[in-house]
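*Asks:* This structure is in structure tokens; I'll ask about it shortly.
The values are calculated or read from the model by the stated rules, or taken from the named source; none is laboratory data. It should be emphasised that the depicted structure is a prediction, and the values quoted were computed from it without experimental measurement. So basically every Cβ, Gly included, is an ideal-geometry build from the backbone, and we count neighbours across all protein chains shown. When the accessible area is computed, the model is the full protein with side chains, heavy atoms only, and any ligands, DNA or RNA have been set aside. Shrake-Rupley method; radii C 1.70, N 1.55, O 1.52, S 1.80 Å.
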Amino acid sequence: MKEKIKSLLKKRNAVMLSHNYQPPEIQDLADLCGDSLELSIKASQTDAEVIVFCGVHFMAETASILSPDKTVLLPRKDAGCPMADMIEPEGLQVMIDKLPWMPVVTYVNSSAAVKAISTICCTSANAVDIVGSLDADEVIMTPDRNLALYTASKTKKKVHTWDGYCPTHDRLHPEDVHNAKRAHPEAVFMAHPECRSEVLDLADVICSTSGMIRYAKESKSTSFIVGTEIGLIHPLKKANPGKKFYPASSKMMCKNMKKISLEDVARSLELMAGEVKVPENIRKPAFQAVQKMVELSLAVNKSA
Ligand code: 13P
Ligand code: SF4
């Protein structure tokens, strides 16, 4: 199956992108494995004609927003994101109309239609920089209330939150973390900003999935409790042989991130099936919001 996919990737002039939560065999075959920000940047810069996106629907949509001339394939149409489904453009518009004007910062974990009425997007890797860069004292942040509260704690801005959340991260409670710390008292606790604030209060470090991989590599510590979706354990171990990684809770499994198999990837490339395309009237305003985020992140990285 792996050889078949490799030859199909060549034949279609395709690039295979994988999120850090995907099954190990998908991550290991992908041209690039990363967090939402790295994948968005790669999708905006690739020369390939086809992007086969191993992740969830909003990720493939973001790639299509950034690269409208490319064919973006999502090998399983039913791989969605429950948090992205917690907000619709009509509801967001009601919130916008009720408040005085202020920028709307939308997490990429949202539909293209929601991005289209937003000022700028963010990911978990850049939310604090993005909100901090805005020339406004107040912002609306959607749809993740946990990421919004975390960002508010790191900036001086007043943040108006939407009541969305990631069920996989919101499921982690302080008791789970205390149990994991009791079992591994020497371990550093890394948490994703999609976790509840009571959980983030217990964290030694808070960052995106790729941020955790970098942190574990650079850290002198040799054991870590991982407060994010359990798929991240695979790239953490791969990048850090000899270090130990323990899930903060075995409950942190996103079933949408586990839907794509190697067979699905091969079928999608063979039949050019599962195309995700955003209509131009939505893509154009959504592009503004996503592109602003990509440009700002590249500029911050350059000056870092
Ligand atoms: P990041 O990889 O950007 O940290 O995203 C986490 C996530 O939940 C993606 O669905
Ligand atoms: Fe959505 Fe959470 Fe799954 Fe990521 S881990 S795709 S935010 S439900």
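*Asks:* Can you tell me which of (1) within 16 Å of ligand 2 (Cβ to nearest atom); (2) under 21 Å from GLU194 (Cα atoms); (3) modelled with pLDDT of 95 or more is the one ARG76 doesn't meet?
*Replies:* Evaluating ARG76 over (1) within 16 Å of ligand 2 (Cβ to nearest atom); (2) under 21 Å from GLU194 (Cα atoms); (3) modelled with pLDDT of 95 or more leaves (2) as the failure.
*Asks:* Quickly run through the stretch 98-111 and pick out the residues that are closer than 16 Å to LEU39 by Cα and aliphatic (A, V, I, L, M).
*Replies:* Once the filter is applied, which keeps residues that are closer than 16 Å to LEU39 by Cα and aliphatic (A, V, I, L, M), the stretch 98-111 yields only VAL108.
*Asks:* List the number of the failed condition for PRO68; all other conditions in (1) open to solvent by less than 30 Å² (accessible area, probe 1.4 Å); (2) modelled with pLDDT under 95 hold.
*Replies:* The one condition PRO68 does not meet is (1).
*Asks:* For the stretch 166-199, which residues satisfy the criterion of being within 16 Å of ligand 2 (Cβ to nearest atom) and closer than 23 Å to LYS217 by Cβ?
*Replies:* Selection gives HIS169, MET190, ALA191, HIS192, PRO193, GLU194, CYS195.
*Asks:* From the set of residues in the stretch 240-251 that are farther than 17 Å from THR168 by Cβ and assigned to a loop (DSSP other than H, G, I, E, B), which is least open to solvent (accessible area, probe 1.4 Å)?
*Replies:* ASN240
*Asks:* How many of the residues in the stretch 71-102 are surrounded by fewer than 24 Cβ atoms within 10 Å (Cβ to Cβ) and either polar (S, T, N, Q) or in contact with a strand residue (DSSP E or B) (Cβ under 7 Å, 6 or more places away or on another chain) (or both)?
*Replies:* Residues flagged as surrounded by fewer than 24 Cβ atoms within 10 Å (Cβ to Cβ) and either polar (S, T, N, Q) or in contact with a strand residue (DSSP E or B) (Cβ under 7 Å, 6 or more places away or on another chain) (or both) within the stretch 71-102 amount to 9.
*Asks:* Six or more apart or on different chains, Cβ under 6 Å: which pairs go from a residue in the stretch 254-266 that's free of Cβ contacts under 8 Å to residues at least 60 places away in the same chain to one that's open to solvent by 20 Å² or more (accessible area, probe 1.4 Å)? Could you list them?
*Replies:* Note: no pairs meet the criteria.
*Asks:* Which of the following residues is under 20 Å from the mean Cα position of the chain (by Cα), crowded, with 24+ Cβ neighbours inside 10 Å and in a helix (DSSP H, G or I): VAL128, VAL114, VAL105?
*Replies:* VAL114
*Asks:* Within the stretch 268-284, can you find the residues that are surrounded by 17 or more Cβ atoms within 10 Å (Cβ to Cβ) and assigned to a helix (DSSP H, G or I)?
*Replies:* Passing the criteria: SER268, LEU269, ILE282, ARG283.
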